[in-house]
1. If I go through segment 106-123 residue by residue, how many of them are surrounded by fewer than 21 Cβ atoms within 10 Å (Cβ to Cβ) and in a helix (DSSP H, G or I)?
2. Looking for whichever is within 15 Å of Phe319 (Cα to Cα) and in contact (Cβ under 8 Å) with a residue 40 or more places away in the chain here; the options are Trp194, Trp166. Which one fits?
3. Identify, by number, the condition in (1) free of Cβ contacts under 8 Å to residues at least 60 places away in the same chain; (2) buried (at least 20 other Cβ atoms within 10 Å of the Cβ); (3) among the small types (Gly, Ala, Ser) that Gly237 doesn't meet.
4. How many residues does segment 215-228 contain that are out of contact with any Leu (no Cβ under 8 Å at 6 or more places or on another chain) and modelled with pLDDT of 90 or more?
5. Given the conditions (1) under 17 Å from Leu223 (Cα atoms); (2) at pLDDT below 95; (3) surrounded by 22 or more Cβ atoms within 10 Å (Cβ to Cβ), report the number of the one that Ala126 does not fulfil.
6. Can you go through Gly92, Gly43, Gly63, Gly24 and tell me which one is on the phi > 0 side of the Ramachandran plot and under 19 Å from the mean Cα position of the chain (by Cα)?
7. From the list Gly300, Gly237, Gly244, Gly231, pick out the single residue that is within 22 Å of the chain's Cα centre (by Cα) and at pLDDT 75 or above.
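The values are calculated or read from the model by the stated rules, or taken from the named source; none is laboratory data. If you're wondering where the values come from, they're calculated on a predicted model, not measured in any experiment. All Cβ positions, even for glycine, are placed from backbone atoms using ideal geometry, and neighbour counts span all protein chains on display.
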Amino acid sequence: MLQTQSIIQNNGHWIVLGIVIALGLSVAFYLYSLDKYSLLYFGDSVSHMLGARKLVDWSENPGFAQIGTVWLPLPHLLLMPFTLVDPLFTTGFAGVAVSLPSLAITSALLYKMIRTHLVSGLSYIAFAGALLYALNPNTLYLGLTAMTEAPFMLFFVGSAYFFQKWYTNLEHLRSIGLCSIFLVLATLCRYEGWILPLFLASFAIVVLAKSNFDGRKKVFGILLALASLSGIIFWIGYNAIQYGDPLEFANAQYYSASSQALNRDIRQTLFLQPANVMTVYGITAYTMYGPMLLSAALVGYILHRRTEGRNKRRMLYVFLALPPLFTIASLLAGIGEMNLWFNSRFLILLLPLIIMLTAVLLQNLPNKIKKNRSSVAAVISVLFLFQTSMIAFDRVPTYLDAKGGFLYTLRTYDEIIESSIEKQSFSEPWSYDNWMVMGKEPDPDGAHAAKYWQDRRDVLDQHYKKAYENEHYEILELK
């Protein structure tokens, strides 16, 4: 029995990794069986995969120029090899190939963080925390798509893990070096990560300058921390060379966050309106994590303030809080939508901090509860209750946000099959539709409709011009 417990404790992170991969694949195939577009609901996920494939498979100008300026480059580079495989590209499983391992490794890192973070290092608390993160339906769905959140969270949590190791033992400069590497990768995934190298560099300079290390070791440690800024420097330099403006990513008309902030009607509702911003942020956090988990984190924070070792833990909490604070600052700058679920993806950044504080609560449960396995299981089950109910009642914000956007786009889609040839848009499509997609080998329920216009192609050519063609279909654009 003791040997089994020892094996589990020593290999817990591998067990978490395996559980998340297995469950994630099961959910991905289940969602795909329900709707073959379910992994493509987010419009941005399709854009990310297309942008990744264009790096290689693009007739006009393939190569690094296709990276663009607003989206950071690393997610596209990670997606690129998988998008070149057509079945993965067309189904969205290219996103699964990148995001699911990212989710699994992030969960394993959280397991190790909790084991290090707590004095007793109880493995069941670490398991609970890691799975509370991975099995949250919002996190899990994002971990199956080609969105940028899952890779960013991997590098963010990885940097926090090594920051924690370094601050626990300042002489361990290898940890600050690894923290910097993870931060470089994080800053090339999402802009919310840009605040972290600024914090690390400033913090390391102050801490190492006050340390008792010799001068060479101090300088080396500070240089390692400053290296975390290289991702930001690279992106600014790339924009300067490629576009002639080092801040093109922030200034690009229509696409940049600043452009959207200036041109959206919602700007005045958010801009310097802390009550409105915190209402949006707070309610969205509630819908994603529920009252039990948020309350547990709050109590965990109170207990943290009253227990030993709080100074060491405090800096980890500050580190984990910085990206969420960046999001709140962005909302205060007018960047966002007064739509709760539209902002749901950004609340993923808050979850590692919630998990760590919840672990503090579990660590400080009364001994009477901790010695009773049934009581411990009951407490942990309560923490999982809300996210289980989200699935049961089909109330998963990130999934509903993605699906809603997908279905909204389809409202303008005019499908013509045998049962709809009486529609006016079938007899005079140019009066209704700017684009036409004609299948060359249509399904039986569309064969007669397609043949009708194939036989009258001269009429179509008066109104449409060919935009694209392959062996399966032809796309026509209104002249």
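1. 3
2. On the way: Trp166 fails: in contact (Cβ under 8 Å) with a residue 40 or more places away in the chain.
So the residue among Trp194, Trp166 that is within 15 Å of Phe319 (Cα to Cα) and in contact (Cβ under 8 Å) with a residue 40 or more places away in the chain is Trp194.
3. With (1) free of Cβ contacts under 8 Å to residues at least 60 places away in the same chain; (2) buried (at least 20 other Cβ atoms within 10 Å of the Cβ); (3) among the small types (Gly, Ala, Ser) applied to Gly237, the lone miss is (2).
4. So in segment 215-228, the residues out of contact with any Leu (no Cβ under 8 Å at 6 or more places or on another chain) come out as 215-216, 219, 223, 226-227.
With the extra rule that they be modelled with pLDDT of 90 or more, the set shrinks to 216, 219, 223, 226-227.
Residues that pass the stated criteria total 5.
5. (1)
6. Details: Gly43 fails: on the phi > 0 side of the Ramachandran plot; Gly63 fails: under 19 Å from the mean Cα position of the chain (by Cα); Gly24 fails: on the phi > 0 side of the Ramachandran plot.
Every option except Gly92 fails the conditions.
7. Working: Gly300 fails: within 22 Å of the chain's Cα centre (by Cα); Gly237 fails: within 22 Å of the chain's Cα centre (by Cα); Gly244 fails: within 22 Å of the chain's Cα centre (by Cα).
The match here is Gly231.
Residue-wise test of (1) assigned to a helix (DSSP H, G or I); (2) touching a Ser or Thr at 6+ places or on another chain (Cβ under 9 Å); (3) assigned by TED's automatic domain parsing to the domain that holds Trp235; (4) exposed (fewer than 15 other Cβ atoms within 10 Å of the Cβ).
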residue	(1), (2), (3), (4)
Ile19	yes, yes, no, no
Leu23	yes, no, no, no
Met49	yes, yes, no, no
Ala65	yes, no, no, yes
Thr69	no, yes, no, no
Thr90	yes, no, no, yes
Gly95	yes, yes, no, no
